1. Would you indicate which of [x] 93, 35, 22; [y] 60, 22, 19; [z] 35, 24, 21 is the value of Cα extents along the principal axes in Å derived from the coordinates of this structure?
2. Given the -39500 (n - 2.57) contribution per DSSP H run of 4+ residues, what per-residue ellipticity at 222 nm results for the chain, rounded to the nearest 500 deg cm²/dmol?
3. In debye, nearest 20, what is the charge dipole magnitude of the chain about its Cα centre with +1 on Lys and Arg Cβ and -1 on Asp and Glu Cβ, if you could check?
4. Choose one answer from Ile30, Ile60, Ile76: the residue with the largest mean-square fluctuation in a GNM of the chain with alpha-carbon springs under 10 Å.
5. Work from the charge dipole of the chain (Cβ charges, +1 for Lys and Arg, -1 for Asp and Glu, about the Cα centre) and give the residue of His62, Thr100, Ala33 farthest towards its positive end.
Amino acid sequence: MRGMHPLEQDLTVEALFLFLLTATAFFISILVAFLTWFQRRDKMSKYFVMVLISTAIWSIMHGLQIVVSDLDLKLIFPKLTYLGMTLLPPSWFIFASMYTRGVF
């Protein structure tokens, strides 16, 4: 621990477990996105893929944010996490609007 910045940390069992959870969410989202993309039948499928890709970006970047110990990376991954966080609500809204066909 000597010579480390106060915000840097060693990898703990809890951090590894949380990373495995977020990595699992990432891989499931990507798998379902690929399956949806290759079996799409209507135009609403691409909006559902947008939702899944946004979720995948958010989950993997958050997981990497948890496990990295380098301070520079700890500052970069939250910014990349916001990419998924900000893409998810509009893509979810578009998907829900297409799914209901504008019936509110």
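1. Looking at Cα extents along the principal axes in Å for this model, the match is [y].
2. Computed ellipticity for the chain at 222 nm equals -27500 deg cm²/dmol.
3. 620
4. Among Ile30, Ile60, Ile76, the largest GNM mean-square fluctuation belongs to Ile76.
5. The Cα lying farthest towards the positive end belongs to Thr100.
Just so you know, all these numbers are worked out from the coordinates, no wet-lab data involved. Predicted model, so just to flag it, every value in this text is computed and none were measured. FYI the Cβ positions are ideal-geometry reconstructions off the backbone, even for glycines, and counts take in every protein chain you see.
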